[in-house]
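Colleague: Please see the structure below; I have some questions.
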Amino acid sequence: YREGNVQCFSKGLIIPPISLVWLKVSGPFHSALLQGAGEKLGKELEGISLRNPSIPYISNVDALLVTSAAPVKELLTKQVSHPVCWQQTMEKMLQRGVDTFVEIGPGKTLSGFLKRIDKSARCMRVEKIEDLEKVLEELGC
């Protein structure tokens, strides 16, 4: 990988009204570059016994509802090296009546993306322990 090569290549992709946004990332997460890591994870998961989730969740690999343990190992393995269906996951949660979301970690990038999907979604953020206490209080936990 050479940044100059990528920039040169990307110039050929930009045709108005298309634009390019460079994302600053700390690693090649959710890309084919981590396929080997996903395979290693898959091998580690082989010896682990899982139970059905007590609370169904939506996988960000395929934006489908997971209600049993059967697909979990494969989904975890794929998640390492496959693109994330983040927008589809959020849309599915909204369709199912979820109206409150908690972003954990620095910044408000995901909350901002969610607001573009649904301006009425309630977004709470946790960056430090005081934020967590406040969120738990607001949620009545």
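The values are calculated or read from the model by the stated rules, or taken from the named source; none is laboratory data. Computed from a prediction, not measured in an experiment: that's the story for all the values here. Please note: Cβ atoms are built from the backbone with ideal geometry, for glycine as well, and neighbour counts cover all protein chains shown. Remember, those area values only see protein heavy atoms, side chains included, never the ligands or the DNA or RNA. Shrake-Rupley method; radii C 1.70, N 1.55, O 1.52, S 1.80 Å.
Colleague: From the list Glu91, Glu130, Glu137, pick out the single residue that is open to solvent by 90 Å² or more (accessible area, probe 1.4 Å), in a helix (DSSP H, G or I) and closer than 25 Å to Pro56 by Cα.
Modeller: Going through Glu91, Glu130, Glu137 in turn, just one is open to solvent by 90 Å² or more (accessible area, probe 1.4 Å), in a helix (DSSP H, G or I) and closer than 25 Å to Pro56 by Cα: Glu137.
Colleague: How many residues, within segment 20-39, are modelled with pLDDT under 85, open to solvent by less than 90 Å² (accessible area, probe 1.4 Å) and either over 20 Å from the mean Cα position of the chain (by Cα) or among the aliphatic types (A, V, I, L, M) (or both)? Quick ask: steps written out before the conclusion?
Modeller: Pass one, segment 20-39, residues modelled with pLDDT under 85: 20-33.
With open to solvent by less than 90 Å² (accessible area, probe 1.4 Å) added as a condition, the list becomes 20, 27-28, 30-32.
Narrowing further to those that are either over 20 Å from the mean Cα position of the chain (by Cα) or among the aliphatic types (A, V, I, L, M) (or both): 20, 32.
Residues meeting the conditions: 2.
Colleague: Could you please tell me which pairs satisfy a Cβ distance under 9 Å, a separation of 6+ or placement on different chains, a first residue in segment 54-66 that is more than 18 Å from His30 (Cβ to Cβ) and at pLDDT 95 or above, and a second residue that is basic (Lys, Arg) and part of a loop (DSSP other than H, G, I, E, B)?
Modeller: Leu65/Arg96
Colleague: Can you name the number of the only condition in (1) farther than 16 Å from Ala32 by Cα; (2) surrounded by 12 or more Cβ atoms within 10 Å (Cβ to Cβ); (3) charged (D, E, K, R) that Lys78 fails?
Modeller: Exception for Lys78: condition (1).
Colleague: Exactly one condition in (1) surrounded by 10 or more Cβ atoms within 10 Å (Cβ to Cβ); (2) modelled with pLDDT of 95 or more; (3) more than 30 Å from Gly140 (Cβ to Cβ); (4) more than 14 Å from the chain's Cα centre (by Cα) is false for Val6; which is it?
Modeller: Among (1) surrounded by 10 or more Cβ atoms within 10 Å (Cβ to Cβ); (2) modelled with pLDDT of 95 or more; (3) more than 30 Å from Gly140 (Cβ to Cβ); (4) more than 14 Å from the chain's Cα centre (by Cα), Val6 violates only (2).
Colleague: Considering (1) of a type in the set (D, E, K, R); (2) within 13 Å of the chain's Cα centre (by Cα); (3) part of a loop (DSSP other than H, G, I, E, B), say which one Lys78 fails and leave the rest.
Modeller: (3)
Colleague: What do you reckon, is Leu114 among the aliphatic types (A, V, I, L, M), touching a residue at least 24 places away in the same chain (Cβ under 8 Å) and in a helix (DSSP H, G or I)? If you could, list the steps in order and put the result at the bottom.
Modeller: Details: among the aliphatic types (A, V, I, L, M): yes; touching a residue at least 24 places away in the same chain (Cβ under 8 Å): yes; in a helix (DSSP H, G or I): yes.
The answer is yes for Leu114.
Colleague: For Phe101, only one of the following conditions fails: (1) modelled with pLDDT of 95 or more; (2) open to solvent by 70 Å² or more (accessible area, probe 1.4 Å); (3) over 22 Å from Ala37 (Cβ atoms); (4) not β-branched (Val, Ile, Thr). What is its number?
Modeller: (2)
Colleague: Might you check whether a residue that is open to solvent by 90 Å² or more (accessible area, probe 1.4 Å) and more than 25 Å from Val66 (Cα to Cα) occurs anywhere in segment 104-115?
Modeller: Yes.
Colleague: Gly42 versus (1) more than 30 Å from Leu136 (Cα to Cα); (2) open to solvent by 70 Å² or more (accessible area, probe 1.4 Å); (3) over 16 Å from the mean Cα position of the chain (by Cα): which is the lone unmet condition?
Modeller: (2)
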